[in-house]
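Peer 1: Just passing along the structure, written as structure tokens.
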Amino acid sequence: MKLKVLDINAKEISDIEISDSIIKLVPNVALLSQYVRVYLHNQRQGTSSTKNRAEVSGSGKKPWRQKGSGRARHGQKRSPIWRTGGIVHGPQPKSWNLSISKKLKVKALLQSLSLRASENKILILENVSMETPKTKVFVEFLNKLSLNRNVLFVIDNRVNTNVFKSLNNIACVNVEDVANLNAYSVISAVNVVFTEAAIQSLGTKYEAK
């Protein structure tokens, strides 16, 4: 499959051939759904915590005698029914982590790319070299293509880190190094823009897998 390569002025300058094994797969909705579930679970910290009656501060002394006072009986002020008492069945630290095999992670990534490619939502930008970060250059590039919502830029940080710094200032843009690209980032994006170096690196890594 061939995709158009654009220059920084959003003009087509050449074609690049991408293996069908990367962007022409049939998406498996169940697999993508499973991957998203695992990914989101693994982002949770699981550090929410409340104190039960054994952990809150306060005396364990009986507030008043059992009978004769006319008031309800109580055993201690740390009881959950008191304002300063412990919390019943409150959240406690836990691990939300789920696992998914490396093979399924790769399949989910390639299928998510295939899904965006089928919608013509994948663009290729020529390799841009910058001596200093220039956000304005990329803002103009996005405006010319009318890309103003949830754009994922996939770059190869080994080529030029100034590109990352330039893109990282734009509100509608998320930037990923191709080495860390995952299916959730692709699915979450409306449009995906690869640099030539990034798409070539992706092809080398995943072709025919």
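Peer 1: Here is the link list: Lys4/Lys102; Lys24/Lys105; Lys165/Lys205; Lys24/Lys103; Lys61/Lys94; Lys4/Lys103. Which ones come out longer than 23 Å on Cα distance? Show your work: numbers first, answer last.
Peer 2: On the way: Lys4/Lys102 31 Å; Lys24/Lys105 17 Å; Lys165/Lys205 25 Å; Lys24/Lys103 18 Å; Lys61/Lys94 32 Å; Lys4/Lys103 29 Å.
Cα-Cα > 23 Å for Lys4/Lys102; Lys165/Lys205; Lys61/Lys94; Lys4/Lys103; rest within.
Peer 1: Could you work out the relative contact order of the chain? I mean the mean sequence separation of Cα pairs under 8 Å and 6+ apart, divided by the number of residues, in percent.
Peer 2: With pairs under 8 Å counted, the relative contact order is 25 percent.
Peer 1: What is the distance in Å between the Cα centroid of segment 85-143 and that of segment 1-64?
Peer 2: 7 Å
Peer 1: Starting from the residue with the highest accessible area, list Glu131, Glu17, Glu126, Glu119 in decreasing order, probe 1.4 Å. Walk me through the numbers on the way to the answer.
Peer 2: Values: Glu131 180, Glu17 135, Glu126 50, Glu119 85 Å².
Order by accessible area, largest first: Glu131, Glu17, Glu119, Glu126.
Peer 1: With the radius of gyration and the Kirkwood radius both derived from the Cα set of segment 27-156, what is their ratio Rg to Rh?
Peer 2: Across segment 27-156, the Cα-based Rg/Rh ratio is 1.34.
Peer 1: Net charge within 11 Å of Val5 by Cβ-Cβ distance, Lys/Arg positive one each and Asp/Glu negative one each, not counting Val5 itself?
Peer 2: Result for the local shell: -3.
Peer 1: Can you sort Ser19, Ser33 by 1.4 Å-probe accessible area, starting with the largest?
Peer 2: Listed by decreasing accessible area, they come as Ser33, Ser19.
Peer 1: Determine how large the accessible area of Ser57 is when every protein chain is in place; take a 1.4 Å probe and give Å² rounded to the nearest 10.
Peer 2: 100 Å²
Peer 1: Mind ranking 44-52, 100-108, 181-189 by how tightly packed they are, going by the mean number of other C-beta atoms within 10 angstrom, highest first?
Peer 2: The densest-packed peptide leads the list: 181-189, 100-108, 44-52.
Peer 1: Can you pull the one-decimal nm distance between simple spin-label points at Asn150 and Ser57, each 7 Å off the Cα toward Cβ?
Peer 2: 4.7 nm
Peer 1: Considering amide H positions built from the backbone, and no H for Pro or chain starts, which residues 5 or more places from Asn52, or on another chain, come under 5 Å of its amide H?
Peer 2: Ile87
Peer 1: Taking a probe of 1.4 angstrom, what is the accessible area of Trp82 in Å², to the nearest 10?
Peer 2: 60 Å²
Peer 1: Only bridges whose two residues both fall in the chain count here: according to DSSP, what percent of them are antiparallel, nearest 5?
Peer 2: 25 percent
Peer 1: Sort segment 143-197 into rounded, prolate or oblate with this rule: let a ≥ b ≥ c be the square roots of the eigenvalues of the Cα gyration tensor; rounded if a/c is under 1.5, and if a/c is not under 1.5, prolate when a/b is larger than b/c, oblate otherwise.
Peer 2: In terms of gyration-tensor shape, oblate.
Peer 1: Quick check for you: with a 1.4 Å probe and neighbouring chains kept, what is the accessible area per residue of segment 1-129, in Å²? Before the final figure, lay out the partial values.
Peer 2: Values: 8790 Å² over 129 residues.
I get 68 Å² per residue for this part.
Peer 1: At 222 nm, what helix-only mean residue ellipticity would the chain give, in deg cm²/dmol to the nearest 500, using -39500 (n - 2.57) for each DSSP H run of four or more?
Peer 2: The per-residue figure over the chain is -10000 deg cm²/dmol.
The values are calculated or read from the model by the stated rules, or taken from the named source; none is laboratory data. These numbers come from a predicted model, not from an experiment. So basically every Cβ, Gly included, is an ideal-geometry build from the backbone, and we count neighbours across all protein chains shown. Only protein heavy atoms, including side chains, enter the accessible area calculation; ligands, DNA and RNA are left aside. Shrake-Rupley method; radii C 1.70, N 1.55, O 1.52, S 1.80 Å.
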